[in-house]
Structure formats: structure tokens, C-alpha cells
Amino acid sequence: MRTSRLVIVNKKRFIMSIVVFIGVIALAVSAVSLTKVQAQEEVIFETYTVEQGDVLWDIAKTYKDEKQDIREFIYQIMKHNNIKNETAIQPNQVLFIPIT
């Protein structure tokens, strides 16, 4: 059985190729991460004080965009206000409503 070995003829060219290859990989990784950062939008919030009898569904209907899914909007409200259960809001609680 014969084993093949890699023979480096020009050591400088080999090292330069490795450096260029690593540089290209680094540029690709930084470009992808930069694209992700730019894709994030700045979120603007409006405050809402919960009144007796309010539920998240009614609050969401008032503030959501026409194109937006109400379930996704309720999820965003819950996420930004650290609410675990949609029925856990209390009167006089201040909610931050995401408006984009």
C-alpha cells in the first residue's frame, strides 16, 4: 500500500496562500455578522397603562399594524415586558408597546 505525501516546493508561497485563505475566511465571517447587525431595526416603544378589564388581545388590536399578525404582536409585547402569561397583566401596570 502506498501513502501519498504532500511536498511543499516553495515554502513562502505556501505560507502566503494559507495567510490569504485565512484572510478571506475572516472577511466572509465579518461580512455575515455585519449584515445581521444592520438587519436589526431600532424598536420604538409607546407606553400604555393597563386599566381594569384590559386584556392583551384588546391592547394589541389597538396598536398593531394592519399587516401584522396579532399573535406575533402579542408575543412581542410579552417579550419586551417580561410577561410569561398573557392573562398576568394588572391594573396600573405600565406596558411598553413596540411601535416600528
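Before moving on, here are some points about what is shown:
- Pick from the stretch 37-82, criterion assigned to a loop (DSSP other than H, G, I, E, B), touching a residue at least 24 places away in the same chain (Cβ under 8 Å) and surrounded by 10 or more Cβ atoms within 10 Å (Cβ to Cβ), ranking: farthest from the chain's Cα centre (by Cα): E51
- Within the option set I89, I97, being assigned to a loop (DSSP other than H, G, I, E, B), hydrophobic (A, V, I, L, M, F, W, C) and surrounded by 10 or more Cβ atoms within 10 Å (Cβ to Cβ) holds for one residue only, I89.
- Test result for A26, out of contact with any Phe, Trp or Tyr (no Cβ under 6 Å at 6 or more places or on another chain) and at pLDDT below 90: no
- Qualifying residue in the stretch 9-16 (condition: outside any helix (DSSP H, G or I), on the phi < 0 side of the Ramachandran plot, surrounded by 10 or more Cβ atoms within 10 Å (Cβ to Cβ) and free of Cβ contacts under 8 Å to residues at least 12 places away in the same chain): no
The values are calculated or read from the model by the stated rules, or taken from the named source; none is laboratory data. Keep in mind the model is a prediction, meaning the values are calculated, not measured. FYI the Cβ positions are ideal-geometry reconstructions off the backbone, even for glycines, and counts take in every protein chain you see.
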